[in-house]
Structure formats: structure tokens, C-alpha cells
1. Considering only the range 119-167, how many residues are surrounded by 14 or more Cβ atoms within 10 Å (Cβ to Cβ) and under 20 Å from Y74 (Cα atoms)?
2. Return the pairs, sorted by first residue and then second, in which the second residue is loosely packed, with under 13 Cβ neighbours inside 10 Å, the first residue lies in the range 4-19 and is under 18 Å from D37 (Cα atoms), the beta carbons are less than 7 Å apart, and the residues are 6+ apart or on different chains.
3. Go through the range 168-191 and count every residue that is closer than 12 Å to M99 by Cα and either among the polar types (S, T, N, Q) or out of contact with any Pro (no Cβ under 9 Å at 6 or more places or on another chain) (or both).
4. Return the residue satisfying two criteria in turn: it lies in the range 31-60 and is among the hydrophobic types (A, V, I, L, M, F, W, C) and within 14 Å of the ligand (Cβ to nearest atom), and of such residues it is surrounded by the most Cβ atoms within 10 Å (Cβ to Cβ).
5. Counting just the residues of the range 100-113 that are within 17 Å of A138 (Cα to Cα) and away from the ligand (no atom under 13 Å from the Cβ), which one comes out surrounded by the fewest Cβ atoms within 10 Å (Cβ to Cβ)?
6. Could we say that I64 is touching a residue at least 24 places away in the same chain (Cβ under 8 Å), surrounded by 13 or more Cβ atoms within 10 Å (Cβ to Cβ), in contact with a Phe, Trp or Tyr (Cβ under 9 Å, 6 or more places away or on another chain) and closer than 30 Å to E171 by Cα here?
7. Output the residue which, of all residues in the range 131-169 that are in a helix (DSSP H, G or I) and more than 16 Å from the ligand (Cβ to nearest atom), is farthest from P12 (Cα to Cα).
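What follows draws every value from the coordinates through simple rules; no lab data is involved. Everything numeric in this text was worked out from a predicted model, so none of it was measured. Ideal geometry is used to build each Cβ from the backbone, glycine not excepted, and the neighbour counts take in all protein chains shown.
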Amino acid sequence: MTVLPIVTVGDPVLRERAAEVGAERLATPEVQRLIDDMIETMRDAGGAGLAANQIGELLRIAVIEVDHNPRYPYKPPIPLTIVVNPIIEQIDDEQFENMEGCLSVPNMRGRVPRWVNVRVRYWDRDGNEHDEVRCGLAAGTFQHECDHLDGVVFLDRVIDTRTLTTWEMFERYHKDAFFEEMRQFVARVGS
Ligand code: NI
């Protein structure tokens, strides 16, 4: 497996819609290797997820994994999940404010509204269909990665740009309050 370079905001590939992956193409060694490399790249960078756009490939593939992530210590674990051709829909109108970051937006976080409850349909790397309900912070992670595949980055969804902060200033001024907010949120919605 290879750690690939991650493109950063300003690269036009982050602004393009990624293309659906057919079942035959998904099964090719090239795409399977790409998925392995995306997993390695996400883990190396300490991300909670990575979309193919972020390594310069316009395919509707994202990888997600949260396992005691030091960037996001308040996030409950998500086992490694490969999502291919995902379709995400809100289930109701309930929203929460997440404090998002992104490997393609170095050293920046900001508050973004996300749906609390979503239905996600996708294929895994073997082409098996999945139809799941995801809630809370896990739902937020899925929405962030699916956005990438549509050429959207979290900055586009920041309503109040005064919430933007570097990671250093987050640690200094915002972390304690936000972690407590998330602790209560996770206790309420369960993930
Ligand atoms: Ni991102």
C-alpha cells in the first residue's frame, strides 16, 4: 500500500463531481489498489475519512474509519467502511453543529450544520449493497465525505465564518466547550 499526496483546497479536482464506478471497474486491480492506498493515506494522515477527489481521482469512492482518533477524540469509533457510489438522504429535519476539519483544508476548523439522522446507501469494495441509518457524529462524517464526491468542501457549509479557527486556537480557546457539547450530544443520540 502507498501513501498518496493529498490535494488541498484550491485544487480544481476538489470542486468537481466524481463519477459513478461500475461494478466491473470496481473489481479491477487498479481500483482495488486505489482503495488500499486511500486507506493507507487516511491512516497516515490521521483523518476520519478520505474521498477519492482528495487524492486526485474523480471516482465516487470514500473511506471512513474512526478509531480513537487524536484529531477527533470525542468521536465514537466507526469501523473501516468503504463507500462506493453513496447516496445520502436526511431522515428528518433534526440538525446539529459539527466542528469540522478536513485533510484538504490544512489547519482549519469551523462549525457546520449537519443532519443528525441520515439514510446511506452504498456499495462496499466487493460491490455488495448496503442500506443503513447513521446518526450523530457518524452521520456527520458520512455527510462530509459524500460532499467531497459532489465537489463540496466543509468551508462551503460554514454559516458563521467567525467560527473558523486554526487547530492551535481551537485547542486554546474552543476545545473544552466543544468537547463538553459533543459529550452531551453523543450521550443523547448514541453515536
Ligand atoms: Ni474532508
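1. Qualifying residue count for the region: 17.
2. Final answer for the pair search is T8/P106.
3. Selection size over the range 168-191: 7.
4. Residue satisfying both the conditions and the ranking: A51.
5. So, considering only residues that are within 17 Å of A138 (Cα to Cα) and away from the ligand (no atom under 13 Å from the Cβ), the one surrounded by the fewest Cβ atoms within 10 Å (Cβ to Cβ) is P113.
6. When the stated conditions are applied, I64 passes them.
7. G136
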